[in-house]
Amino acid sequence: MVKTLIKNAKVISMDSTIGVLDGGDILFDGDEILEVAQEIAADDADLIDASRMIVMPGLVDAHIHTWQAGIRGIAGDWTMGQYLRGMHANLATGFQPEDIYLGNLAGGLTQLNGGVTTLFDWCHNNPTPDHTDAAIDGLFESGIRAIFGHGSPKPDPKEGQKHFSEVPHPKSEIVRLREGRLSSDDSLVTLAMCILGPHYSIYEVTHEDLLLAQEFDLVASAHMSGGFNRMVPDGIFKMRDDGLLSSKVNVVHGNDLSDEELAIMIDHGVKFTVTPEVEIQMGFGDPITGRVMKAGGRPSVGVDVESNITGDMFGVLRTTLQLQRMIDNRPFADAHEPITELSVSAMEALEWATINGAAMMGLEDRIGSLKPGKQADIILIRADDLNIHPANNPVSAVVFYANASNVDTVFVAGTVRKKNGRLVHKDVQSVMDKLAQSGERILANAGA
C-alpha cells in the first residue's frame with residue numbers, strides 16, 4: 001500500500017510529547033501512523049498539501065443512540081418522561097430491522113461528515129437478532145470505527161411479562177455476537193454491553209449483567225440519573241462491595257451522584273460520559289464534567305439523542321466547556337466578584353472529545369492522538385474558511401469556531417471517508433431518501 005504524507009499542517013497531536021506543531025507533517029502507511037514531526041521526507045508517499053489545514057485525531061463521540069437518526073427533530077420539546085413514553089413505549093416499537101440499519105448507516109455517515117472517526121453506538125432498540133444485525137450492518141457500511149453497544153428495548157410489558165427493569169441482559173445474544181461477527185477486538189466495529197444499571201433495574205439484574213460483561217471482557221455502559229428516583233439507592237456501594245466496579249464500566253450522565261459515589265467509582269477506574277444538551281433539556285441537573293475532573297477522572301462527551309439535538313460534536317464540545325465554565329464561575333457571579341482565571345482550558349476540553357473518549361472505550365492504545373504506532377484516524381479541517389480564518393490558535397479554532405462544514409478530509413484506519421469536503425460513500429442521496437421514507441412510516445404508524 002502506498003504511504004501518505006500530510007505536509008505543512010497546523011498539527012494538534014493530542015500527544016504530550018509531540019504537542020502542537022506549526023507547519024508539521026504526518027506520515028502513515030495503510031492504517032498505521034509512522035511518524036509525526038516538524039518535517040518528514042518520504043519520496044515514496046502520496047503527498048497532501050495541508051498548508052491551509054488544521055490536522056488532528058478524529059473526534060470520538062462517546063455516547064449516541066444512532067438508531068434515532070430517521071426521526072430527527074421529534075423530541076426537541078420533550079421532557080424525560082415524554083421521551084420515555086413517546087420514544088421507547090411508542091415510536092421505538094414500530095422500528096423494523098431496515099429502519100435500524102438506515103438509522104445507523106445515516107448516523108455513521110453524519111458523524112464522519114462532522115469529523116468523528118469513532119462512536120459508541122448505544123443501541124437499545126434491538127428486540128430481535130435481526131434488529132441487532134441490521135444495526136451492525138449499518139455501522140460497517142458507513143465506514144466509521146464503532147463500538148456497538150448491545151442494549152435492550154424498553155416497551156411497556158404485555159400481560160404476563162416482567163417489566164424491563166426485572167429482565168437480565170440476554171446472554172444468548174452476547175454469546176452469538178462475541179463468538180460470531182464481533183469476536184475480534186481488532187475489527188473496525190467491536191462489541192460492548194449497554195446495561196440498565198442500578199438506577200433503572202433491580203440490583204439482581206445489575207449484578208448479573210455486570211458479571212456477564214466481565215465474563216466476555218466487555219465494556220459495560222449504563223445510564224445513571226435522569227430526573228427519576230433510583231431503583232437501587234445504594235447501588236454504587238453494592239457494586240463496589242461485590243467487586244463489579246472497574247475500568248470496563250462506563251457511566252453516562254451521573255448528574256445526581258454524590259461526591260462520595262464519584263470518588264469510589266473513579267478510584268476503581270470507572271469512566272464517565274457527559275451529554276450536556278440532553279441533560280439540560282430533560283432536567284437531569286448540572287453536567288458533572290468538572291466534578292469528575294476534580295475527583296481525578298477523565299470525562300468524555302457525546303451527542304446522545306439525535307431526535308432532539310444535532311449530531312455535530314463540535315457543538316457538543318463547546319456546550320460542555322462553556323457550561324462547565326458557567327458552573328465554576330457561578331459563585332463569583334453570586335458574590336459579585338470578578339473571576340481571575342478560567343477553570344477549564346480549550347485543550348482540556350479537546351481531550352474530552354479525543355483521547356478521553358478513546359480511553360473510555362478501551363482504545364487509547366489505538367486512537368485518540370496522533371503518534372507513531374497508532375491507527376491513522378485523522379481529520380483535516382480547513383483553517384482558511386471564513387468562519388475560522390485567521391486561525392491564530394489552532395486549538396481555539398477547533399473548539400470555538402469549527403463545525404462539520406469545515407471538515408475537509410477524514411481518514412479512518414488510513415481509508416479516506418471524506419475528501420475535499422464530500423463523503424466518499426457510494427450513494428449518500430439514496431441513503432437520505434430511504435431514511436426520510438423510514439421516518440415517515442414510523443411516525444405515521446405511531447400511537448398518540
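The values are calculated or read from the model by the stated rules, or taken from the named source; none is laboratory data. All values reported here derive from a predicted model rather than from experimental measurement. Note that each Cβ is placed from the backbone with ideal geometry, even for glycine, and that neighbours are counted across all protein chains shown. For accessibility, only protein heavy atoms count, side chains too; no ligands or nucleic acids. Shrake-Rupley method; radii C 1.70, N 1.55, O 1.52, S 1.80 Å.
Of the GluC sites (Glu not before Pro) found in region 152-202, those that fall in a DSSP loop while having at most 14 other beta-carbon atoms within 10 Å are 159, 179. For region 321-401, applying the loop criterion from DSSP together with a ceiling of 11 other beta carbons within 10 Å to the GluC sites (Glu not before Pro) yields 341. Across region 118-261 the C-alpha pair distances fall into 10 Å bins from zero in the proportions 11, 42, 33, 13, 1 percent. Restriction of the trypsin sites (Lys or Arg not before Pro) in region 155-252 to DSSP coil positions whose beta-carbon has at most 12 other beta-carbons within 10 angstrom yields 158, 162.
Legend: translational diffusion of region 220-344 by Stokes-Einstein, Rh = Kirkwood radius over C-alpha pairs, 37 °C, 0.692 mPa s; D = 213 µm²/s. With R₀ set to 30 Å, the beta-carbon distance separating residue 428 from residue 310 gives a calculated FRET efficiency near 0.95. Here the accessible area of the chain is 50 percent carbon and sulfur, with a 1.4 angstrom probe and all protein chains present.
Compared with the dominant principal axis of the Cα atoms in the chain, helix 203-215 is inclined by about 40°. Listed values for region 399-409 are Karplus-derived 3J(HN,Hα) couplings in whole Hz (6.51 cos²θ - 1.76 cosθ + 1.60, θ = phi - 60°), namely 6, 9, 10, 6, 8, 4, 5, 8, 6, 8, 9, and x replaces Gly and Pro. Cβ-Cβ distance of residue 175 and residue 384, R₀ of 51 Å, FRET efficiency by 1/(1 + (r/R0)^6): the value works out to about 0.45.
Taking amide hydrogens as placed 1.01 Å from N in the peptide plane, the amide H of residue 146 sits under 5 Å from those of 119, 189, 190, each at least 5 positions away in sequence or on another chain. Amide H contacts for residue 417 (H built 1.01 Å from N in the peptide plane; partners 5 or more residues away or on another chain; cut-off under 5 Å): 410, 411, 412. Residue-wise HN-Hα couplings along region 295-304, as the Karplus relation 6.51 cos²θ - 1.76 cosθ + 1.60 with θ = phi - 60° gives them from phi, are 7, x, x, 10, x, 10, 9, x, 6, 5 Hz; Gly and Pro carry x. Of the residues 415, 17, 118, the one that moves most in a GNM of the chain with alpha-carbon contacts below 10 Å is 17. Helix 428-444 axis versus longest C-alpha principal axis of the chain: approximately 20°, rounded to the nearest ten.
Under the classification rounded if a/c is under 1.5, otherwise prolate if a/b is larger than b/c and oblate if not, where does region 6-128 fall, given a ≥ b ≥ c as square roots of the Cα gyration tensor eigenvalues? List each step's numbers first, then the result.
Numbers: a/c = 3.59, a/b = 2.73, b/c = 1.31.
Prolate, since a/c reaches 1.5 and a/b exceeds b/c.
Where the centroid of each part is defined by its Cα atoms, how far is region 318-361 from region 82-152 in Å? After rounding, the separation between the Cα centres reads 30 Å. Taking a ≥ b ≥ c as the square roots of the Cα gyration tensor eigenvalues, region 184-282 comes out oblate, since a/c reaches at least 1.5 and a/b does not exceed b/c. Considering only 193, 53, 293, the mean-square fluctuation computed in a Gaussian network model of the chain, springs between alpha carbons under 10 angstrom, is largest for 293. Taking the Cα atoms only, what angle lies between the long axis of helix 97-113 and the longest principal axis of the chain, rounded to 10 degrees? That helix lies at roughly 30 degrees to the long axis. In this entry, region 281-385 is assigned a mean projected area of 9.6 nm², taken as a quarter of its C-alpha convex hull surface. Shown here: Cα extents along the principal axes in Å, derived from the displayed model; of the candidates (1) 69, 56, 41; (2) 90, 60, 42; (3) 58, 54, 34, it corresponds to (1). Label positions at residue 35 and residue 347, each projected 7 Å from the Cα along the C-beta direction, are separated by 2.5 nm. For residue 48, the residues whose amide H sits under 5 Å from its own are 5, 6, 7, ignoring neighbours fewer than 5 places away on the same chain, with H placed 1.01 Å from N.
The mean accessible area for residues of the chain, using a 1.4 Å probe and ignoring ligands and nucleic acids, is 40 Å² per residue. In this rough spin-label picture, where each label sits 7 Å from Cα along the Cβ direction, the residue 333-residue 141 distance is 4.6 nm.
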